[in-house]
1. If you scan the range 96-118, which residues turn out to be within 20 Å of residue 168 (Cα to Cα), outside any strand (DSSP E or B) and in contact (Cβ under 8 Å) with a residue 12 or more places away in the chain?
2. Output the number of the condition that residue 139 fails; it satisfies all remaining conditions of (1) crowded, with 16+ Cβ neighbours inside 10 Å; (2) touching a strand residue (DSSP E or B) at 6+ places or on another chain (Cβ under 7 Å); (3) in contact (Cβ under 8 Å) with a residue 40 or more places away in the chain.
3. Checking residue 189 against (1) within 16 Å of ligand 2 (Cβ to nearest atom); (2) surrounded by 14 or more Cβ atoms within 10 Å (Cβ to Cβ); (3) farther than 27 Å from residue 100 by Cα, which single condition isn't satisfied?
4. Could you go through the range 107-117 and let me know if any residue there is more than 22 Å from residue 176 (Cβ to Cβ), in the same structural domain as residue 146 (by TED's automatic domain parsing) and at pLDDT 90 or above.
5. Looking at the range 90-99, can you tell me whether even one residue there is more than 16 Å from ligand 1 (Cβ to nearest atom) and closer than 16 Å to residue 195 by Cα?
6. Of the residues 206, 171, 136, only one is in contact with a helix residue (DSSP H, G or I) (Cβ under 6 Å, 6 or more places away or on another chain) and away from ligand 2 (no atom under 16 Å from the Cβ); which?
7. Step by step: first the residues of the range 246-265, then only those that are at pLDDT below 85 and assigned to a loop (DSSP other than H, G, I, E, B), then the one that is nearest to the chain's Cα centre (by Cα). Which residue is that?
Ligand code: HEC
Ligand SMILES: [Cu+2]
């Protein structure tokens, strides 16, 4: 990866799309430049001092149709480029169901990343090749910007707001990560390494990481602030099942079905509680669809998952 490259590494699907736009823009501007230069040279030679070129009044060359024609043509071209680039940009923020969700927290002056299972990294991120990756990013202090040139992705990371990026790594290797928004003294050193691995290697790497508990801790705070604990702590007016130790167990439902408690079940329980009512309980839980975002769901699930078994 050293030496002078004619073209930067293309390591994601986004890079391919962005490069296509850049190439077309280069071609268009190159053509305009060539035309202007050619006319400049032609006229400079033709009308040089002492040449016998005609220097009378200008001929009436430009008709209204021609003028309307080139105005319309350039307008069309500009709108086309805008629509094309705009659609590409919007695709970067599109949610995708099967994407690997990675949480990114920026702070002066480091990048903290967190995998769905809680594994955490600092100034580093490992991702599997060929798998769509969705970054959910937020800042703990000032504005930063997540910039990976090899992926052609760059997105501001703001305090109090979640920004997203969607991309699929296409080439294994190690690529530099930068902060692209001046954020203080050590801004220039705020960076890291993105490692794209084959899916098997990624799975092996991930299982060797200690699982973090941060998502779970944050989920616990949500559990209280959203009012879940009002029912589920066992002393509220509504009788609700305890959630400790349910992860991985089989739950008998009111209609006789049995469901294994996994990520999907917990999400369903929170978003569509009427669908899977636990045997022996009233369907008194309100739906939280539209009230909790994707990132809060992840934290709630992580919290319930982290609860030790045995307790009611
Ligand atoms: C108004 C009381 C109430 C609130 C508030 C409430 N729940 Fe529930 N919850 C229940 C009841 C009652 C059940 C059992 C009936 C059912 O499955 O719908 C239940 C079931 C569940 C289950 C399935 C439990 C099992 O044993 O399979 C989960 C998971 C759950 N709730 C999570 C949550 C989360 C997370 C929140 C907060 C975002 C929440 N609940 C808020 C009353 C509540
Ligand atoms: Cu920064």
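The values are calculated or read from the model by the stated rules, or taken from the named source; none is laboratory data. Predicted, not measured: the structure shown is a model, and the values here were computed from it. Cβ atoms come from the backbone with ideal geometry, glycine included; neighbour counts cover every protein chain shown.
1. Answer for the range 96-118, where residues must be within 20 Å of residue 168 (Cα to Cα), outside any strand (DSSP E or B) and in contact (Cβ under 8 Å) with a residue 12 or more places away in the chain: 96, 98, 99, 115, 116, 117.
2. (3)
3. Just one mismatch for residue 189, condition (2).
4. Of all residues in the range 107-117, those more than 22 Å from residue 176 (Cβ to Cβ) come to 116-117.
Still in the running and in the same structural domain as residue 146 (by TED's automatic domain parsing): 116-117.
Next, only the ones that are at pLDDT 90 or above stay: none.
No, there is no match, as no residue in the range 107-117 is more than 22 Å from residue 176 (Cβ to Cβ), in the same structural domain as residue 146 (by TED's automatic domain parsing) and at pLDDT 90 or above.
5. For the range 90-99, residues more than 16 Å from ligand 1 (Cβ to nearest atom) and closer than 16 Å to residue 195 by Cα: absent.
6. 136 is the lone residue from the list that is in contact with a helix residue (DSSP H, G or I) (Cβ under 6 Å, 6 or more places away or on another chain) and away from ligand 2 (no atom under 16 Å from the Cβ).
7. Residue satisfying both the conditions and the ranking: 262.
One line per residue, one yes/no per condition, for (1) at pLDDT 85 or above; (2) loosely packed, with under 10 Cβ neighbours inside 10 Å; (3) over 30 Å from residue 196 (Cβ atoms):
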position	(1), (2), (3)
4	no, yes, no
10	yes, no, no
18	yes, no, no
24	yes, no, no
34	yes, no, yes
